[in-house]
Amino acid sequence: MLLWYASYGSNLCRDRFLTYLHGGRAVGAARGHAGARDRSLPLGDQPLHLPGGLHFGGTSTTWGGGGVAFYDPSVPGEVLARAYLVTEEQFADVAAQEMRRQPGADSHEGAAVAAALSQGRHVGGPGNYETVHRVGEIDGDPVVTFTADVPSRIPTNPPVAAYLQVIARGLRTGHGLGPVEVTDYLMRSPAVGEHWERADVHRLAVAA
């Protein structure tokens, strides 16, 4: 079965996302990924707008101890996403790697995806990316994403420069935004706007 994976954090950058399929380490990241069982390229790729907000929190060793992005559909606003058309198995393998599990080691992620497709939302566990949402449909195929059960409960933590720059690159290449638009978008998040200088975020967007 095919579905669209709606990415909203570092996977907005296609090169970064492909490390989850092909294996390897993204530029700026401290660790790599095993890759999916099926390493085929996405069959489609398009920009997407989701209702909700971005919450940056937690402590990521992959990104230098900074916070990472979580999609929060419960708050007002708009989240810029990038949708990749992949198989249900590939999506499950991406989710497994986000939770530092071996792709295909058990049926945990596959069951969570199946439940979300039928129910609209499924909490697979307490992990940061174990809640799967069905957020829409494109050309008859479901659009799904994963996040935390209650993103606002994850302690706020501003992202580091390397992580923000990967997101900025994804917004520029996936949505065609210029540096000012990227800066405006990222500064809306309190974790960025309250902890980063606008000029510094703009420099990252220009360099992305």
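Could you give each residue of the range 81-98 its phi-based ³J(HN,Hα) in whole Hz, using Karplus coefficients 6.51, -1.76, 1.60 with θ = phi - 60°, and x for Gly or Pro?
10, 10, 9, 10, 8, 9, 7, 4, 5, 4, 4, 4, 6, 5, 4, 4, 5, 4
Can you send over the carbon and sulfur percentage of the accessible area for the range 17-91, probe radius 1.4 Å, protein chains only?
About 55 percent, which is the carbon plus sulfur part of the accessible surface.
Here are some values of semi-axes √(5λ) of the Cα gyration tensor in Å: [x] 25, 18, 17; [y] 29, 21, 14; [z] 31, 17, 15. Which one was computed from this structure?
[x]
Dipole of the range 49-145, Cα-centred, from +1 at each Lys and Arg C-beta and -1 at each Asp and Glu C-beta, to the nearest 20 debye?
Rounded to the nearest 20 debye, it is 300 debye.
Counting each DSSP H run of 4 or more residues in the chain as -39500 (n - 2.57), what helix-only mean residue ellipticity at 222 nm follows after dividing by all residues, to the nearest 500 deg cm²/dmol?
One gets -10000 deg cm²/dmol as the mean residue ellipticity at 222 nm.
Counting only residues 5 or more places away or on other chains, whose amide H sits under 5 Å from the amide H of VAL160 once H atoms are built in the peptide plane?
Close amide H contacts, sequence-distant or interchain: GLY66, GLY67.
In debye to the nearest 20, how big a dipole does the range 79-208 give about its Cα centre with +1 on each Lys and Arg Cβ and -1 on each Asp and Glu Cβ?
Value, rounded to 20: 400 debye.
Which GluC sites (Glu not before Pro) does the range 103-208 hold that lie in a coil by DSSP with at most 10 other beta carbons within 10 Å?
Here the GluC sites (Glu not before Pro) that fit, given the DSSP loop and packing criteria, are GLU194, GLU197.
If amide hydrogens are placed 1.01 Å from N in the peptide plane, which non-local residues have theirs closer than 5 Å to the one on ALA208?
HN-HN under 5 Å from ALA208: empty list.
How do ARG198, ARG172, ARG188 stack up against each other in accessible area, from largest to smallest, with a 1.4 angstrom probe?
Heavy-atom accessible area, descending, gives ARG188, ARG198, ARG172.
To the nearest 20 debye, what is the magnitude of the charge dipole of the range 165-208 about its Cα centre, counting +1 on the Cβ of each Lys and Arg and -1 on the Cβ of each Asp and Glu?
Using only the charged Cβ atoms, the result is roughly 160 debye.
Per residue, what accessible area does the chain have, given a 1.4 Å probe and all protein chains present, in Å²?
42 Å²
The values are calculated or read from the model by the stated rules, or taken from the named source; none is laboratory data. Everything quoted here is computed from the prediction, not taken from an experiment. Cβ atoms come from the backbone with ideal geometry, glycine included; neighbour counts cover every protein chain shown. Remember, those area values only see protein heavy atoms, side chains included, never the ligands or the DNA or RNA. Shrake-Rupley method; radii C 1.70, N 1.55, O 1.52, S 1.80 Å.
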